[in-house]
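For reference, the structure discussed in these notes is given below.
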Amino acid sequence: MEALFYIFAFIAIFSALMVISMKNPLTSALYLVLCFFALAGFYVLLDMQFLAVMQILVYAGAIMVLVVLVIMLLNISRLNAVKTDFHQKIIGIIIAIVLFGEIVIYTVNGMTKKPTGIFTHSVINKIGNTQVIGNFLFTKYTLSFEIASILLFVAIIGAYLFAKKKL
Amino acid sequence: MAFFMKYILTILIFFPTVAVLILLPINKKNEGLLRNVATLLSLIEFIASCYLFRYFKPDTYKFQFIEKFNWIQSFGASYFLGIDGISLFLILLTTLLTFVSLLSSYRYIKDHVKEFVILMLLLETFMLGTFAALDVLLFYVFWEFMLIPMYFIIGMWGTGKRIYSAVKFFLYTLAGSLIMLFGIIYIFIIHYQQTGNFTFNLIRLYNTNIPVNLQILLFIALFLGFAIKVPIFPFHTWLPDAHTEAPTAGSVILAGVLLKFGIYGFFRFAIPLLPDAALILAPYIVVIGVIGILYGAFVSIVQKDLKRLVAFSSVSHMGFIMVGLFAFTAISINGAVYQLLNHGVDTGALFLFVGMIYERMHTRQIKDLGGIAKKAPILTVLFLTSVLASVGLPGLNGFIGEFLILIGSFRSYPVLTIIATSGIIFAAVYLLWMFQRVMFQDPHDQIAPYDHHLEFFDDMNLREIITVLPLIILMFLMGFYPAPFLDRIDPSVLHFLTMLNHHKIFYNAIKIKTGLSNA
Amino acid sequence: MHNIMPAIYGLNSLEKSMLSIIPEAVVILFAFIVLFLTFFEKIAKSKNSYYLSLIGIAFSILYVVMLSGRNLTGFYGSVVFNGYDVFLFIAILLSGFLTVLVSKDYIENFDLPYPEFYSIILFGISAMMFLVASNNLIMVFISLEFMSICSYILTGYIRGNARSTEAALKYLILGTFASAFLIFGSVFIYAAVGHLNLNSIHTYLENISYGNNGSASILSGMGEYLSIGLLLFMVGLAFKMSLFPFHAWTPDAYDGAPTPITSFMATGIKIAAFAVFLRIYVLIYNINVINFNDILWVLAVLSMTFGNIAAILSANVKRLLAYSSIAQAGYILIGIIGGGFYGYSGTLFYLFTYIFMTAGAFAVVIIFENSDIASLDIKNLSGIAYKYPFISAAMALFMLSLAGIPVTGGFMGKFYVFSAAVKSGYYWLVFIALLNSAFAAYYYIKIIVKMYMPVKEDSNVSCIAGEGKNYGIVNGNISEGIILAVIICLFFTLIMGVYPQIFINFANYSAASLASL
């Protein structure tokens, strides 16, 4: 199990890095799909099969297909060389490394006993995966769920406003 | 009438604001009406303020005409007004000088008259509020907002580098005030920690016990705020610029009233709140004061600009007052307060005359002036009177103030006082020399591009005479008969010294009670 | 395990839950109504949407007032409604009200599609209210995102305008980044304590730190996770509060956005972010995991200093106000650092004054923008005071209030937070802050100088609409709405400076219910 986690983690980080470093948007998009798959792997490891399936269906499936389609339609083959300031790059890398180092130090020095939530394997197996999520979404986090729906609605309006030529 | 007497301070403070409301509906174009109404209202204000003098009980140091209402309970701040002998005269001076400067600006201020009179009246409200406030937060509110109208007056109607001067004036004083605010907040919190309740009531804050080391730091904080306003020597640099570029009315108010706030702040706030620190630091401050006297005098001698010269003479005079205040003897403090009033009257008058000359000649450069005496005898005589008063000629008011300061301080600081005395001599040099060059010197000796104006130099008209007349009368009155003033100042001064005396570090000199009231 | 599964809603709890979100629900309802107006072309083109939005906000304020005094918890502890929320809801609704008031002219000038505009503003307001009310980490995240989405859309609202689009894009990217930090932080916090509900986290931590003596061993592992979580969470919120190292989006977004939206961002979003930060600070940060006050101290000093220096250097009014808002965030933070009942109440009071002075300043900027000056360079303001005496006087007062000169609310707010910090012993912080205010006065004064004291050479530069005009159609309309907004701001700025006691009481009431949580 542990080994699987590291493999997925490596794939996720590697593909995320490739997403931002590839010049060709299509390749980036495909790497993103890979990244999503790796994340789905995490969910499986956490006994959240339902979420894993959703992740693949919604993100890797639907959304990424749309993105790839748009890239095809717009025919963006290659991004023009973006002016990058050398200093910015250096500073960015340094800060990223420092932050990453900090997090690593913290986590390594942190808990020796791994934190566990309420939902252990046995509990999940007893109740059932989908039920747990459903229960939470419609009881404890109803409000968050509802607000998320309004959020998406507003996002759609925003997309429509930006995209439409003449209102 | 009973109502009037009960709330006289509030009425006095906010009458100018009401006057502003009266002026607001008047059409901008109707400049004459605006001017007359504003001047009339300020005259009413002055007359009303004379009631304070009339009903003021001279034999007590206690604050009178007290008004107290809750203002911000959460901070323990209250709307707490009251005056003693010192604030009484400063209030009278303020109302008088506001009237005088409004009257003096009929010719000088040509555009945006409405804004000008409104700002002058607003300024009056805040100046009066500052003198009457006995609540530290209230005081600070009035104190700091006072900057705004003055800043506009310098910036909008000034000459030459007016914007630079206005901004410099504003930022300098603001920086000082903010550091002072730090000190005020600190004292407020210390009082809270000691007693467990918030208060800004000055009389209760007087009883705060602050460790001496902390007192010194806090005193420096308050000192910066007040010293910049005075201004004391190293912090004076805003003053010549502001004075020189301000319109006449602005200069009169600036010199006559605003400079008083620094000294008043020391007297009312900094020293009684932090007595130990004041006593410890007094010798250094006296040294700074003496340096200020000499510096102001020397710089005045070499000034080419008439107004700048008068401005620097203020630095010198304020040095005298600082020496008198920080010598901590009854006589010297009496003298300092008296000289405070004198300076308002004398320098105010000097600025008025400089303004009149500028209105006629359109120059303030001393080398371009000359021969005015022949053309304008009344101006010459009255100008000479105020010059002599400022120099300190016996019989005029300046003499009494300086004399009291010098004898008073001699007890505490003999050597420094002797050095300070030379300041009077230099004052005679720069003022009289200036007067000679401006009034009597033959203009044809000079390459004087403006001398053709001299042909049309008209003497003072009735309005101008009325403008300066109250000041001239005061000069003689205060010179010949100081008793009504000193009688009222003395109890407050003695009380001030007893408050200091509770703090034991010092001083025998305080105990010598004077028979000034018999003088 | 059955007790873990929540019970079916009792009617009572459902009622309570519904009651606790009524003010937000009303705003959302009106947002939908306004949005539906777009279906009807004729109605959409009239002023209905404008009035409907105002009515919606007014209704919401009414509900807040009606509910005030109650202490409600809704949706299994997701949201709370108590005195703290009453204060901040009113603050946010007022900020939204002012935004809608000033929007009308601007929209007409720039020919923006408007029912949607108002509708998104209303959605944004409701998001802010949810953010303030939210009581668990998921709600915080969701409502923060909701708020951000609304503001991204509004920032880029001037279509085809390069600066607006650029601003929106920058804001979007940096904002998403901030959200990532926020959620990363929440994950760590959850990992450490195993709770999402703020109150539960609070009790959990309190039990550990003040409870049994053997607590050290439990803390040893948890402390690191919790502190890194809280740090990252703070970074996420600091983006929204635009504190110094996280401010980078602020000047561009403020500059590029439509001015009413700039005003909305500077007031509403900032208040909401500060409010939620204050709540979480009181509940979680304040319990000593590590000393967060030292970090906040540095952030406050940096924000003030950077904001003021950058503002002095900027030549454009909107940019200047953007940088000044960074500096103001630093001042507000001082109240939080000062802490205690006094400090929290001071922070809330400052936030309340901050709305009116900032919204007022932006309202005046909109008037200038609408009528004369296409580009908002400070030098173009030269002598404008003689053209618009009332508006300029108001602007001068707002500037003085921002600079913290007495008789204005700004002074009282500053005084309040500074004395709170001195009370807790942060002398140097206050000293630096006061020096900063003296320094800051320079650029506020600069605007007044330009308006009132024109120098001959540049007096003819002003009022040439054609010159330096980048975008927009200038038609010179000043509607009553915008004047009303200026008057409201003026009134509150003055009344909070002259007689602040009522507002202090209100803030105290609010802070009391915060501290008693």
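Overview of values
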| quantity | calculated |
| --- | --- |
| Karplus-derived 3J(HN,Hα), 6.51/-1.76/1.60, for each residue of the stretch B:186-191, Hz, glycine and proline x | 4, 4, 4, 6, 4, 4 |
| Dipole magnitude (debye, nearest 20) for chain C, charges at Cβ of Lys, Arg, Asp, Glu | 420 |
| Under Karplus coefficients 6.51, -1.76 and 1.60, residue-wise ³J(HN,Hα) of the stretch A:133-141 in Hz, glycine/proline x | 5, x, 4, 5, 4, 9, 10, 5, 10 |
| Which of C:I120, C:G185, C:G360, positive extreme of dipole for chain C (C-beta unit charges) | C:G360 |
| Taking B:K260, C:K379 and counting other C-beta atoms within 10 Å, the order from fewest to most | C:K379, B:K260 |
| Likely footprinting exposure, A:E102, C:E108, C:E145, C:E24, fewest C-beta neighbours within 10 Å first | A:E102, C:E108, C:E145, C:E24 |
| Backbone HN-Hα couplings from phi across the stretch B:341-350 [Karplus 6.51/-1.76/1.60, Hz, Gly and Pro as x] | 5, 4, 4, x, 5, 5, 5, x, 4, 4 |
| Within the stretch C:156-178: backbone nitrogen closer than 20 Å to the A:L74 label point (7 Å, Cα to C-beta) | C:156-177 |
| Expected 222 nm ellipticity per residue - DSSP helices of 4 or more, -39500 (n - 2.57), all of chain C, to 500 | -25000 deg cm²/dmol |
| Residue-averaged [θ]222 nm for chain B, counting only DSSP H segments that reach four residues, each worth -39500 (n - 2.57) | -23500 deg cm²/dmol |
| Dipole in debye (nearest 20) - the protein assembly as shown, about Cα centre, beta carbon charges: Lys, Arg +1; Asp, Glu -1 | 100 |
| Total charge dipole magnitude, chain B, about the Cα centre, Cβ charges on Lys, Arg, Asp, Glu only, Debye to nearest 20 | 480 |
| Listed residue (C:V430, C:F141, C:V34) projecting farthest to the positive dipole end of chain C, Cβ model | C:V430 |
| FRET efficiency, B:F476 to C:I495 (Cβ-Cβ, R0 35 Å, nearest 0.05) | 0.15 |
| Separation in nanometres of the label points that stand 7 Å from Cα toward Cβ, at C:I295 and B:F4 | 6.6 |
| Centre separation in Å (Cα based) which lies between the stretch C:224-286 and the stretch B:350-423 | 61 |
| Nearest-0.05 FRET efficiency for C:K379 and C:A248, computed from C-beta distance (R0 41 Å) | 0.95 |
| Label-point separation in nm, A:I97 to A:F5, each point 7 Å along Cα→Cβ | 2.7 |
| Potential lengthening between B:Y284 and B:D442 on full extension [0.36 nm per residue; Cα-Cα distance subtracted] | 52.3 nm |
| Neighbour-count ranking [beta-carbon atoms within 10 angstrom, fewest first] of B:T380, B:T95, C:T155, B:T498 | B:T498, B:T380, B:T95, C:T155 |
| In degrees, nearest ten, helix C:11-20 long axis to first principal axis of chain C (Cα) | 30 |
| Separation of the C:E108 and C:N316 label points, Cα + 7 Å toward Cβ, nm | 2.6 |
| Calculated FRET value between C:E15 and B:K28, using beta carbons and R₀ = 51 Å, to 0.05 | 0.25 |
| Tilt relative to chain B, helix B:462-480 - C-alpha long axis, 0 to 90 degrees, to 10 | 50 |
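Read the figures in this text as sums done on the coordinates, not as results from a lab. The structure presented is a predicted model; accordingly, all values stated were derived computationally and were not measured. Heads up, the Cβs are rebuilt from the backbone with ideal geometry, glycines too, and the neighbour counts pull from every protein chain shown.
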